[in-house]
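Colleague: Input: one structure, supplied below.
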């Protein structure tokens, strides 16, 4: 990054990408006033093409606002748009200091996103990501950009509305974390809350889908795949990476889990679907756990998330707060942008 | 900081300074293995003098171990010791990349410590501090070293065993924090717990003193002075500093508060002595507050700390965990050391 405005390339222009750009428009005055940080958007890429600033410059803010009004897949039909130009091409042609990756997490096909990240990171830029896949699948290629060359920021990937990643990355640097236990999947947290309120599994799932808490295909949440990815990212952050494929998924959320949730509640506990990371043991897994009263894992309601961090040096730390709504995720990306600029000496 | 070992100057060699050095000895292998960070101690200064490495080098580790066995005020009587050499002199003569300030917080006489910090920060070094006074009294002179030139690290000053400062500093960068409410004083948290267990104010205070939770002169805790300093540091971190002298202390912990604590418990709530920071309103104060069930402020026990952070972008975030024992504070300093080295590009 040089003097002048920091140039952001925005990859992915669905709910999260749009909400990020909306928040950026709202806050760019604050960023300049409070941090002396001037930003501009060098490209916005969606699934069909990109809107790209010419000659290493940035897009007019009015054009960025118009992009927000474009239909899905429509940014490249605006003036100056480049139909068919992908993120790779945009990085090549439009000039970018910070890549904001708001594309969906594609665990099966991580290469394109990983390639974008490594390209930007390797050339001295920063990556700010909501996309979980590259870290969960290829932490070994990215870890150098967490502590040694801190250019990779990803607090939006886990517990987005609650800065867990900063707490772990900086707050526990140099410390010995023994165990992290987190109810980090909003969908299943919601379902298990509804279970003890008397809903059947099918009813609760339909409700969650209607409210936008669950995907039309909810299997990544119900089978623990999302939690496993988050466990892998947590282990990557703590310096003892467990690849996604090695995170054991010991339980799922289904009708049987609903029965178990009701039995746990009758016994004064609450059933939670959690990711567990034990860095020293080199182990991570996803399981159902009965939380006791007095724990944040017990207290959470609805889609809220919670985590307990146990370390060698002091008693347990408990963190509870919002997970990944579009606004919360956008705020996490914005915060990472300021963090990256601060750490990388641009402020 | 250059290549080779990072040279640490340790100012203050009481409980915290010693525990930090003990932890450093224990973890220096881990720092090198996990982060590639090599450290050495260039000086240790206590109230009567310093032990100082000659010619810009570092002390032999064996000598550092012997310093741990020296009586209070005795490091300068070890081989190579410099009786009468203060921290100012040690900074001048011994060569230091990172100043670890483990001296007591002296609000009435902040100039010496502030001068050490500014000297080190101004010459491109880092400060890692448990001393609260300079930030609470002179944030205006230090704030540039929080975001623009991030060289000042101070997670040991507030909720030391729990990384609140990292959560706020990085996790909320670029966000709008509306309110922070924290039960951040372990002594009064303990006293109010004992109040509802039936102890009288006098009994509880004696117990706290016997257990080392309260000072022989407990007024800084009971009158809200410690909480006010922490409120000021939180406001400094969030970019809307309220100087210590402008933090209103609306209540104290005394026999009357004990009565009120018992009434609150009878009504299903729990009385807490809290620091409140409202950055947008430019206001901070210390008060007694009745916490409701389901809040981390309600749940804490004994000396444990808790805080609730409200922001514009997402629901409340709750953090609960250990405060400032010697081991926890030392771990916070060690963690800050790694954080500083990472951010400043030494790893």
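The values are calculated or read from the model by the stated rules, or taken from the named source; none is laboratory data. In this text, all values refer to a predicted model and were calculated from it rather than measured experimentally. Ideal geometry is used to build each Cβ from the backbone, glycine not excepted, and the neighbour counts take in all protein chains shown.
Colleague: For residue B:325, indicate whether it is at the interface with chain A (Cβ under 8 Å from one of its Cβ atoms), under 13 Å from residue B:162 (Cβ atoms), modelled with pLDDT under 95 and surrounded by fewer than 24 Cβ atoms within 10 Å (Cβ to Cβ). Before the answer, list the steps.
Modeller: Numbers: at the interface with chain A (Cβ under 8 Å from one of its Cβ atoms): yes; under 13 Å from residue B:162 (Cβ atoms): yes; modelled with pLDDT under 95: yes; surrounded by fewer than 24 Cβ atoms within 10 Å (Cβ to Cβ): yes.
Judged against the criteria, residue B:325 is a match.
Colleague: Could I ask something else about it? What do you reckon, is residue B:182 touching a residue at least 60 places away in the same chain (Cβ under 8 Å) and in the same structural domain as residue B:266 (by TED's automatic domain parsing)? Outline the logic, then answer.
Modeller: Values: touching a residue at least 60 places away in the same chain (Cβ under 8 Å): yes; in the same structural domain as residue B:266 (by TED's automatic domain parsing): yes.
Spelling it out, residue B:182 is indeed touching a residue at least 60 places away in the same chain (Cβ under 8 Å) and in the same structural domain as residue B:266 (by TED's automatic domain parsing).
Colleague: Would you pick out the residues in region A:1-20 that are in a helix (DSSP H, G or I) and surrounded by fewer than 23 Cβ atoms within 10 Å (Cβ to Cβ)? Even if it seems obvious, please write down each step before you answer.
Modeller: Kept after step one, since they are in a helix (DSSP H, G or I), are these residues of region A:1-20: A:15-20.
Matches in region A:1-20: A:15, A:18, A:19.
Colleague: Okay, moving on. Would you point out which residue out of A:126, A:208, A:173 is in contact with a strand residue (DSSP E or B) (Cβ under 8 Å, 6 or more places away or on another chain) and over 23 Å from residue A:285 (Cβ atoms)?
Modeller: On the way: A:208 fails: in contact with a strand residue (DSSP E or B) (Cβ under 8 Å, 6 or more places away or on another chain); A:173 fails: in contact with a strand residue (DSSP E or B) (Cβ under 8 Å, 6 or more places away or on another chain).
Of A:126, A:208, A:173, the one residue that is in contact with a strand residue (DSSP E or B) (Cβ under 8 Å, 6 or more places away or on another chain) and over 23 Å from residue A:285 (Cβ atoms) is A:126.
Colleague: Would you check which residues across region B:184-206 are within 21 Å of residue B:136 (Cα to Cα) and not in a loop (DSSP other than H, G, I, E, B) and list them? Don't jump to the end; show me each part of the working.
Modeller: First, pick out the residues of region B:184-206 that are within 21 Å of residue B:136 (Cα to Cα): B:184-188.
Result: B:186, B:187, B:188.
Colleague: Another question, if that's okay. Whether any residue in region B:310-321 is under 26 Å from residue A:323 (Cα atoms), more than 8 Å from chain A (Cβ to nearest Cβ) and not in a helix (DSSP H, G or I) is what I want to check. Reasoning before the result, please.
Modeller: Looking only at region B:310-321, we keep the residues that are under 26 Å from residue A:323 (Cα atoms), and these are B:310-321.
Among the residues that remain, those that are also more than 8 Å from chain A (Cβ to nearest Cβ) are: B:310, B:312.
Still in the running and not in a helix (DSSP H, G or I): B:310, B:312.
Looking for residues that are under 26 Å from residue A:323 (Cα atoms), more than 8 Å from chain A (Cβ to nearest Cβ) and not in a helix (DSSP H, G or I), one finds at least one in region B:310-321, hence yes.
Colleague: For region B:33-43, name all the residues that are outside any helix (DSSP H, G or I) and within 14 Å of another protein chain (Cβ to nearest Cβ).
Modeller: So in region B:33-43, the residues outside any helix (DSSP H, G or I) come out as B:36-43.
B:36, B:37, B:38, B:39 - these are the residues of region B:33-43 that are outside any helix (DSSP H, G or I) and within 14 Å of another protein chain (Cβ to nearest Cβ).
Rundown of residues vs (1) modelled with pLDDT under 95; (2) crowded, with 24+ Cβ neighbours inside 10 Å, yes/no style:
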{"residue": "B:265", "(1), (2)": "no, no"}
{"residue": "B:278", "(1), (2)": "no, no"}
{"residue": "B:301", "(1), (2)": "yes, no"}
{"residue": "B:305", "(1), (2)": "no, yes"}
{"residue": "B:312", "(1), (2)": "no, no"}
{"residue": "B:332", "(1), (2)": "no, yes"}
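Colleague: Can you name the strands (runs of 3 or more DSSP E) wholly within region B:44-152 that have at least 2 residues being in contact (Cβ under 8 Å) with a residue 40 or more places away in the chain? Break it down into steps so the answer makes sense when it comes.
Modeller: Values: elements: B:49-52, B:81-83, B:98-101, B:126-129.
Once the strands (runs of 3 or more DSSP E) in region B:44-152 are filtered for at least 2 residues that are in contact (Cβ under 8 Å) with a residue 40 or more places away in the chain, what remains is B:49-52, B:98-101, B:126-129.
Colleague: Now for a different question. So, residue B:235, is that one more than 13 Å from chain A (Cβ to nearest Cβ), surrounded by 22 or more Cβ atoms within 10 Å (Cβ to Cβ) and modelled with pLDDT of 95 or more or not? Please lay out each step first, then the result.
Modeller: On the way: more than 13 Å from chain A (Cβ to nearest Cβ): yes; surrounded by 22 or more Cβ atoms within 10 Å (Cβ to Cβ): yes; modelled with pLDDT of 95 or more: yes.
Considered against the rule, which asks whether it is more than 13 Å from chain A (Cβ to nearest Cβ), surrounded by 22 or more Cβ atoms within 10 Å (Cβ to Cβ) and modelled with pLDDT of 95 or more, residue B:235 comes out as yes.
Colleague: Is it the case, given these coordinates, that residue B:51 is in the same structural domain as residue B:85 (by TED's automatic domain parsing) and surrounded by fewer than 23 Cβ atoms within 10 Å (Cβ to Cβ)? Walk me through how you get there before you give the answer.
Modeller: Numbers: in the same structural domain as residue B:85 (by TED's automatic domain parsing): yes; surrounded by fewer than 23 Cβ atoms within 10 Å (Cβ to Cβ): no.
Judged against the criteria, residue B:51 is not a match.
Colleague: What about residue B:345, is it within 12 Å of another protein chain (Cβ to nearest Cβ) and on the phi > 0 side of the Ramachandran plot? Before the answer, list the steps.
Modeller: On the way: within 12 Å of another protein chain (Cβ to nearest Cβ): yes; on the phi > 0 side of the Ramachandran plot: yes.
Yes.
Every residue, every condition in (1) touching a helix residue (DSSP H, G or I) at 6+ places or on another chain (Cβ under 7 Å); (2) within 14 Å of chain A (Cβ to nearest Cβ); (3) closer than 17 Å to residue B:236 by Cα, yes or no:
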position: B:76; (1), (2), (3): no, no, no
position: B:84; (1), (2), (3): no, no, no
position: B:129; (1), (2), (3): no, no, yes
position: B:144; (1), (2), (3): no, yes, yes
position: B:154; (1), (2), (3): yes, yes, yes
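Colleague: Being within 19 Å of residue B:270 (Cβ to Cβ), under 18 Å from the mean Cα position of the chain (by Cα), within 14 Å of chain A (Cβ to nearest Cβ) and surrounded by 24 or more Cβ atoms within 10 Å (Cβ to Cβ), is that true of even one residue in region B:202-221?
Modeller: No, every residue in region B:202-221 fails to be within 19 Å of residue B:270 (Cβ to Cβ), under 18 Å from the mean Cα position of the chain (by Cα), within 14 Å of chain A (Cβ to nearest Cβ) and surrounded by 24 or more Cβ atoms within 10 Å (Cβ to Cβ).
Colleague: Residues in region A:238-297 that are within 14 Å of chain B (Cβ to nearest Cβ) and part of a strand (DSSP E or B): how many?
Modeller: 2
Colleague: Here's another thing I want to ask about it. Being farther than 19 Å from residue B:187 by Cβ and at pLDDT below 95 is true for just one of B:212, B:245, B:240. Which residue is that? Walk me through how you get there before you give the answer.
Modeller: Values: B:212 fails: farther than 19 Å from residue B:187 by Cβ; B:245 fails: at pLDDT below 95.
Sole residue among the options that is farther than 19 Å from residue B:187 by Cβ and at pLDDT below 95: B:240.
Colleague: Let me ask you something else. Return the residue satisfying two criteria in turn: it lies in region A:164-183 and is in contact with a helix residue (DSSP H, G or I) (Cβ under 8 Å, 6 or more places away or on another chain) and assigned to a strand (DSSP E or B), and of such residues it is nearest to the other protein chains (Cβ to nearest Cβ).
Modeller: Out of the qualifying residues, it is A:177.
Colleague: Against the definition (crowded, with 24+ Cβ neighbours inside 10 Å and in contact (Cβ under 8 Å) with a residue 12 or more places away in the chain), how does residue A:158 come out, yes or no?
Modeller: Values: crowded, with 24+ Cβ neighbours inside 10 Å: yes; in contact (Cβ under 8 Å) with a residue 12 or more places away in the chain: yes.
Yes.
Colleague: Can you tell me which residues in region A:331-340 are in contact with a helix residue (DSSP H, G or I) (Cβ under 7 Å, 6 or more places away or on another chain) and more than 8 Å from chain B (Cβ to nearest Cβ)?
Modeller: Selection gives A:333 alone.
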